[in-house]
Amino acid sequence: MSRQAGKGTAAELLVRSLLRAADLRYRVESPVPGMARRRIDVAFTSVEVAVLINGRFWHNPLEHAKQSTSHTEW
């Protein structure tokens with residue numbers, strides 16, 4: 001897991017470029033109130049909306065699934 005990109009992933013950059021093209025104002029990597037170790041990917045602070053962008057690592061669709069050869073008990 002330490003090798004997984006935490007920020008600046010392709011999905012995040014795509015969403016941010018679309019938001020920028022729509023001329024929307026947002027903040028990147030904002031802290032979650034009351035949770036010091038958590039960050040919000042894209043935050044619209046004026047309307048209190050948080051956007052969390054998770055890629056295929058967390059939501060692995062079946063057509064892209066790859067079975068692990070090590071740690072098969074997991």
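The values are calculated or read from the model by the stated rules, or taken from the named source; none is laboratory data. Keep in mind the model is a prediction, meaning the values are calculated, not measured. Counting neighbours? That spans all protein chains shown, and the Cβs are built from the backbone with ideal geometry, glycine included.
Just to be sure I understand the filter: pairs with C-beta atoms under 8 Å, separated by 6 or more residues or on different chains, first member in the stretch 1-26 and within 22 Å of THR45 (Cα to Cα) and modelled with pLDDT of 90 or more, second member surrounded by fewer than 11 Cβ atoms within 10 Å (Cβ to Cβ) and not basic (Lys, Arg). Which pairs pass? Close Cβ pairs (under 8 Å, with a partner that is surrounded by fewer than 11 Cβ atoms within 10 Å (Cβ to Cβ) and not basic (Lys, Arg)) amount to ARG25/SER46.
Rundown of residues vs (1) assigned to a loop (DSSP other than H, G, I, E, B); (2) modelled with pLDDT of 75 or more; (3) not acidic (Asp, Glu), yes/no style:
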residue	(1), (2), (3)
ALA36	no, yes, yes
ALA43	no, yes, yes
SER46	yes, yes, yes
ARG56	yes, no, yes
ASN60	yes, no, yes
GLU63	no, no, no
LYS66	yes, no, yes
THR69	yes, no, yes
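Those residues that are out of contact with any Leu (no Cβ under 7 Å at 6 or more places or on another chain) and surrounded by 13 or more Cβ atoms within 10 Å (Cβ to Cβ), I need them from the stretch 2-26; list them, please. Passing the criteria: THR9, ALA11, GLU12, VAL15, ARG16, LEU19.
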